[in-house]
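The structure appears right after this line, and notes come after that.
The values are calculated or read from the model by the stated rules, or taken from the named source; none is laboratory data. From a predicted model like this one, the values you see are computed outputs, not experimental measurements. A quick note on method: Cβ atoms are made from the backbone with ideal geometry, for glycine too, and the neighbour counts reach across all protein chains shown. Note: accessible area is taken over every heavy atom of the protein model, side chains too, but ligands, DNA and RNA are not part of it. Shrake-Rupley method; radii C 1.70, N 1.55, O 1.52, S 1.80 Å.
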Amino acid sequence: MELKPSMPSSSLIDQQVFPGDVVLDLSKITSQTIKLGGGLRQDGDVISVMKAGVLKFSKPNKYWVETSHKRYVPSAGDNVLGIVVDARSDNFFVDIKGPTLAFLPVLAFEGGTRRNIPKFEMGTLLYVRVVKADTGMNPELSCMDASGKAAEYGPLKDGFMFETSTGLSRTLLSSPTCPVLETLGKKIAFEIAVGLNGRVWVNSSTPSIVVLVSNTIIQTASMSPTQQKIRVESLLQKMQ
Amino acid sequence: MKEREEENFVTPGDILGKALELKPGYGAYFSSHDKTIYASLTGFRSITPAPIDSEDQRATVEVKGHKAHGPVPEPGVVVTARVTNVMAKMASADIVCVGPKSVKEKFTGIIRQQDVRATEIDKVEMHSSFRPGDIVKALVLSLGDARAYYLSTAKNELGVVSAKSAAGATMVPLSWTEMQCPLTGQTEQRKVAKIDAV
């Protein structure tokens, strides 16, 4: 396997990789900047894999491993679904399925001042954005987007929340719309909020639709796109 | 072994010996009305024989070894501390040395966001100044509260003295805001102390 000095490449792109696999040998590549995303690590002269998953590459020089876990590692910029567990004078403590609780400042709402602090009960489900997520520190959240507008952030009322893997969350959020949601959306009206931390919230006019949508998403999680379409159509027919 | 230690454990007022045989050292004093040496501190009694070529051949008795005799941080003193936890608005650290001496018992210090540096104190990012495990030189501001001393690194010669990178190697300082790992070449941000070259 000869590597051209001008273009670094790895034979493992789009393949399943495991911790310990060597992705790139830096001694064969002359001065190039390579950007490493999650799941990869520089070990002296060699780039090796830290997490099991599929190795991805994007031009000109970005490598990362796409993993799917049941637990979430907080990362700045992610939109997640959190559950309020406690409240202090300046922060809400929110569980986002990470290693530690996250802090949601009491003023991190559009038009938030000391006089109109929202009152969230314990157990309230919130759609929030992760602002800061440094290692070892509790992540900081916000109910505003980067420009200070409320966008869609805030408490989610009614509906039903279930937990999935982070891989399924990313699939549900991918564009073009994933087959399950597209096929369901053609026949039923429902609203859905997907958190990158593996939590999904579904709401609709009747509970039976909510149950149908939730079960469909969970059951078709590991199916190929065509299988998903077939499954969804058969479930819809059963409902009618 | 324990019994012997307990025999030697003295409190202020305990008789250490006669002035004819012993000289008072650190933590002991001579009482002239009964010519005996008494202890003035709490600790363990230890006897050091006199040097051979001195006139007075009496051994010296001292009282030492109690942790209350160890150095204690005072306001205005530069201490060396190891950062234990970094939070959004402050970092906590275990004080290891007071000046050049190491402490005998554990003291905790807190470095608040506004005490990290002298300029732009409201824009300080704690995570870009300290990480858990860093060794810092800090100035004691005050005795603080019951839990911790208040420390400050708001001077050029205060801040991170030694830190390990994510790869595990001791980093080399580049400027007052950056340190570099010698293994991977990656730079990490810290509030670095300016140590004068010896």
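The residues in segment A:191-215 that are more than 18 Å from the chain's Cα centre (by Cα) and under 23 Å from residue A:226 (Cβ atoms) can be counted, and the count is 3.
Taking segment B:11-57 as the region of interest, the strands (runs of 3 or more DSSP E) fully inside it that hold 1 or more residues being under 35 Å from the mean Cα position of the chain (by Cα), surrounded by 12 or more Cβ atoms within 10 Å (Cβ to Cβ) and among the basic types (Lys, Arg) are B:22-24, B:43-48. If you check A:108, A:87 for being more than 24 Å from the chain's Cα centre (by Cα), surrounded by 18 or more Cβ atoms within 10 Å (Cβ to Cβ), free of Cβ contacts under 8 Å to residues at least 60 places away in the same chain and farther than 24 Å from residue A:16 by Cβ, only one passes: A:87.
Any residue in segment A:141-153 that is within 14 Å of chain B (Cβ to nearest Cβ), within 15 Å of residue A:102 (Cβ to Cβ), touching a Leu at 6+ places or on another chain (Cβ under 8 Å) and not in a loop (DSSP other than H, G, I, E, B)? Yes, the conditions are met somewhere in segment A:141-153. Quick one: would you say residue B:178 is open to solvent by 50 Å² or more (accessible area, probe 1.4 Å), acidic (Asp, Glu), away from chain A (no Cβ under 14 Å) and over 21 Å from residue B:85 (Cα atoms)? In short, no.
Strands (runs of 3 or more DSSP E) fully within segment A:156-212 that include at least 3 residues being of a type in the set (A, V, I, L, M): A:191-195. Among all residues of segment A:135-153, there is at least one that is surrounded by fewer than 14 Cβ atoms within 10 Å (Cβ to Cβ), in contact (Cβ under 8 Å) with a residue 24 or more places away in the chain and either farther than 30 Å from residue A:185 by Cα or within 18 Å of the chain's Cα centre (by Cα) (or both).
Of all residues assigned to segment A:56-74, at least one qualifies as being in contact (Cβ under 8 Å) with a residue 60 or more places away in the chain and within 14 Å of chain B (Cβ to nearest Cβ).
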